[in-house]
Amino acid sequence: MKPTLVLGIETSCDETSAGLVEAPGRLLGHTIHSQDVHALYGGVVPELAARAHLSRLEAVVEETFRQAGRRPEEVDGVAVTAGPGLIGALLVGVCWAKALAFALRKPLVAVHHMEAHLFSPSLEDSGAVPPFVALLVSGGHTLLLYAPRWGEYTLLGQTRDDAAGEAFDKVARLLGLPYPGGPAIQTLAQEGDPARHPLPRPMLRSNQTPDDPDYYDFSFSGLKTAVVTLTESLERQGRLEEEKRHLAASFQAAVVEVLVEKTLRAVEQTGCRRVLLGGGVSANRLLRARMARRLGPGGKLFFSTPRLAVDNGAMVARAGLFRLEAGEVASWSLSADANLPFPNLRPRQGTRVP
Ligand code: KG4
Ligand code: ZN
């Protein structure tokens, strides 16, 4: 029998979330509890994240079923993020999902967090399906890949050091902005001049060719260091406060330009003018606007509303439905894997698989 109703559970970082999806991709219920305890520390504290997931997950799942007007007995499978992410946080979700699936005598489905991000836009736009070039930009990953169809991926580029979201978070901290840094920088940058502080565009040179190993790759740690140097110098001059908004705008412009230009390289090389943005940083308005402009009227850009762009259980349920339809059921010995490899991600020649 074809599966129709899948529950998805997400606990890989600091969002405790559940989603209930009905085939072919209708979202019936969805709850996200964003843990605010981490804001006190300026970043996610793994031990606190795991504890908060444990105390919140049951209420989050109950609320999701309530919204959908469905009962747990009606599901055809329980999908859970098995990795990558924080191991303690992942384990809470995996153990919880395993217990629920076992008690319900329903299949357990393991989902890769970054593959789940690819499915998010399809929950709001049924046309957001492969083939597409995908830019996945989150707090832990920066991946550029080509998907000819669901479940089949070619890795084009990835970050060599910090992830794009990580760079936003670190620069925000430097500027004394709250965590998470991305939204805070975006807001401050609105009042700033992006050309005031020329910053490097790492790994972006006009003489690169597709044979160069860094043609599609990213690097954000040098950019962060450039902001550190600039911040220190402005502080010595007593001008840091007045320059913060310009620094935020200049930094955001540098990250966005690199992300957009590398994605456009992938578009040119694959000949696929359909682009999908996924992960928390895809909520960035400048990134969306610039990407749409560079793609032009002949292209198609897919992204989620901010609620589905950040970590959520709905995308896990949708990815789980796909895996369950393919007959992929996890064993009862499933464990979480902080470095779970991306399923079916083939390297293009000369690139490493993360
Ligand atoms: O996908 P996500 O929710 O969690 C991970 O899987 O890591 O991504 C979180 C990241 C954080 O680094 C956050 O600062 C960033 O996404 N982010 C943004 C924006 N909203 C969230 N970055 C830039 N602009 C935004 N509007
Ligand atoms: Zn994520």
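With the simple model of a label 7 Å out from the Cα in the direction of the Cβ, Gln237 to Thr305 spans 4.4 nm.
The simple Förster model, with R0 at 22 Å and r as the Cβ-Cβ distance, assigns Glu58 and Arg105 a FRET efficiency of 0.65. A cut-off under 12 angstrom between Cβ atoms defines the neighbours of Ala249, and their net charge, with Lys, Arg +1 and Asp, Glu -1, is 0. With the simple spin-label model, which puts each label point 7 Å out from Cα in the Cβ direction, the Glu261 to Leu40 separation comes to 4.3 nm. Ordering 64-72, 11-19 by mean Cβ neighbour count within 10 Å, with the highest value first, yields 11-19, 64-72. For the chain, the convex hull drawn through the C-alpha positions has a volume of 129 cubic angstrom per residue. For Glu166, neighbours were defined as the other residues whose beta-carbon sits under 13 Å from its Cβ, and their charges (Lys and Arg +1, Asp and Glu -1) total +1.
Here is how the number arises for the chain: DSSP H runs of 4 or more residues each give -39500 (n - 2.57), the sum is divided by the residue count, and the result at 222 nm is -13000 deg cm²/dmol. Could you check the spin-label model distance between Asp337 and Asp212? Points 7 Å from the Cα along Cα→Cβ, value in nm. Between Asp337 and Asp212, the label points sit 3.4 nm apart. On the accessible surface of segment 127-303, probed at 1.4 Å, how many percent belong to carbon and sulfur atoms? Solvent-exposed carbon and sulfur of segment 127-303 make up 50 percent of the total.
Packing, taken as the mean count of other beta carbons within 10 Å per residue, orders the peptides 332-339, 320-327, 117-124 from highest to lowest as 117-124, 320-327, 332-339. Evaluating kT/(6 pi eta Rh) at 20 °C and 1.002 mPa s, with the Kirkwood radius of segment 1-101 over Cα pairs in the Stokes-Einstein relation, gives 156 µm² s⁻¹.
Residues in segment 127-303 average 41 Å² of solvent-accessible surface per residue, probe 1.4 Å, ligands and nucleic acids excluded. Relative contact order, whole percent, for the chain stands at 26, derived from Cα pairs under 8 Å and 6 or more residues apart. A protection proxy built from the mean count of other Cβ atoms within 10 Å ranks the segments 183-192, 1-10, most packed first, as 1-10, 183-192.
For the chain, hydrophobic long helices are taken as DSSP H runs at least 24 Å long by C-alpha position along their axis with mean Kyte-Doolittle hydropathy of 1.0 or more; these are 87-104. A dipole drawn for the chain from +1 and -1 charges on Cβ atoms has a positive end, and of Thr231, Asn339, His117 the residue lying farthest that way is His117.
Debye calculation, C-alpha points only, no solvent: report log10 I(q)/I(0) for segment 127-303 at q = 0.11, 0.12, 0.17 Å⁻¹, in the same order as the q values. Listed by q, the Debye log ratios stand at -0.45, -0.53, -1.01.
All C-alpha pair distances within segment 262-354, sorted into 10 Å bins from zero, spread as 12, 33, 38, 15, 2 percent across the bins. With r as the distance between the Cβ atoms of Arg66 and Arg173 and R0 = 45 Å, compute the FRET efficiency 1/(1 + (r/R0)^6) and round to 0.05. Between Arg173 and Arg66 the formula returns 0.75.
In this structure segment 17-103 gives 45 Å² per residue of accessible area when probed at 1.4 Å with all protein chains present. All other residues whose Cβ lies under 13 angstrom from that of Gln35 are scored, Lys and Arg at +1 and Asp and Glu at -1, for a net of -4. For the chain, with only Lys/Arg (+1) and Asp/Glu (-1) charged at the beta-carbon, what is the dipole magnitude about the Cα centre, in debye rounded to 20? Roughly 720 debye for the chain. Ignoring lysines fewer than eight residues from Lys98 along the same chain, the ones with Cα atoms less than 25 angstrom from its Cα are Lys2, Lys106.
The values are calculated or read from the model by the stated rules, or taken from the named source; none is laboratory data. What you see is a predicted model, and the numbers here were worked out from it, not measured in a lab. Quick reminder, even Gly has a Cβ in these numbers, built from the backbone with ideal geometry, and neighbours come from all protein chains shown. SASA here: full protein model, heavy atoms, side chains in, ligands and nucleic acids out. Shrake-Rupley method; radii C 1.70, N 1.55, O 1.52, S 1.80 Å.
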